[in-house]
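Working notes for the structure below.
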Amino acid sequence: MPDVRCICAIGQTGQLGLNGELPWEGNPGKDYREDVERFFELTKGHVLIAGPKTIGAVPDAMHAQMTLRIIQSKDNPENVLSQYAGRVVFIGGGPEVWDVYAKYIRHWDITRLPYDGDADRWFNPEWLVAAKDS
Ligand SMILES: NC(=O)c1ccc[n+]([C@@H]2O[C@H](COP(=O)([O-])OP(=O)(O)OC[C@H]3O[C@@H](n4cnc5c(N)ncnc54)[C@H](OP(=O)(O)O)[C@@H]3O)[C@@H](O)[C@H]2O)c1
């Protein structure tokens, strides 16, 4: 199995996404810019596994710098992960993906941003304690 990790960013009450983008997309504030930069610094050279919308949001300039893998609901998670043995794999979301893959994540890196507005995708704290046999 690979070293399975997650880096994500949430708003003050767990906001994750809005209208297919980050809820704070386009906010020029330092916290938001630094968070995106840090995401790409830490994932560089590694594998990012995520749903189609999340992978679609990765800027073209980053494609050569990491291994991107779009997953579908029909994929078997253990088969997917076993293809990356020895690598560091980040599970990138969205929520339906974390519902299934959270139990394999051994390291969570969650930045809580000052954003306090709307969202249509939310962080679920139960992911942090999802049991391997659940
Ligand atoms: N704040 C953050 O750190 C962060 C991180 C990631 C995403 N987001 C936000 O979240 C939103 C995008 O997420 P999203 O959920 O809407 O779209 P998504 O990234 O495309 O993920 C959902 C899709 O993943 C596929 N999938 C793959 N494996 C699955 C599984 N085992 N079970 C269920 N579905 C699975 C499904 O497609 P099929 O049914 O076609 O297979 C599903 O429609 C955006 O707003 C984005 O900005 C935020």
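The values are calculated or read from the model by the stated rules, or taken from the named source; none is laboratory data. Not measured: the values here are computed from a predicted model. With ideal geometry, Cβ positions are generated from the backbone for all residues, glycine too; neighbour counts draw on all protein chains shown. Keep in mind that these areas ignore ligands, DNA and RNA; they rest on the heavy atoms of the full protein, side chains included. Shrake-Rupley method; radii C 1.70, N 1.55, O 1.52, S 1.80 Å.
Cβ separations smaller than 7 Å between residues 6+ apart or across chains give the following pairs from region 1-18 residues that are in contact (Cβ under 8 Å) with a residue 12 or more places away in the chain and over 14 Å from W108 (Cα atoms) to residues that are aromatic (F, W, Y) and surrounded by 20 or more Cβ atoms within 10 Å (Cβ to Cβ): G11/Y115; Q12/Y115; G14/F123; Q15/Y115; L16/F123.
Those residues that are over 13 Å from A130 (Cβ atoms) and either surrounded by 19 or more Cβ atoms within 10 Å (Cβ to Cβ) or acidic (D, E) (or both), I need them from region 89-109; list them, please.
Answer for region 89-109, where residues must be over 13 Å from A130 (Cβ atoms) and either surrounded by 19 or more Cβ atoms within 10 Å (Cβ to Cβ) or acidic (D, E) (or both): V89, F90, G92, G93, E96, D109.
Taking region 19-47 as the range and being free of Cβ contacts under 8 Å to residues at least 60 places away in the same chain, among the aliphatic types (A, V, I, L, M) and either open to solvent by less than 50 Å² (accessible area, probe 1.4 Å) or more than 20 Å from W127 (Cα to Cα) (or both) as the test, the residues that pass are V36, V47.
Criterion applied to A64, A85, A57 was being surrounded by fewer than 18 Cβ atoms within 10 Å (Cβ to Cβ), in contact with an Asp or Glu (Cβ under 8 Å, 6 or more places away or on another chain) and small (G, A, S), and the one residue passing it is A57.
Of the residues in region 11-36, how many are among the aromatic types (F, W, Y) and more than 10 Å from the ligand (Cβ to nearest atom)?
1
Taking the options P77, P95, name whichever one is free of Cβ contacts under 8 Å to residues at least 40 places away in the same chain and either of a type in the set (F, W, Y) or out of contact with any Leu (no Cβ under 6 Å at 6 or more places or on another chain) (or both). From the options P77, P95, the qualifying one is P77. Restricting attention to region 45-98 and to residues that are touching a strand residue (DSSP E or B) at 6+ places or on another chain (Cβ under 7 Å) and among the basic types (K, R), the residue that is farthest from L16 (Cα to Cα) turns out to be R87. Scanning region 100-134 for residues that are within 12 Å of the chain's Cα centre (by Cα) and charged (D, E, K, R) gives a single hit, D109.
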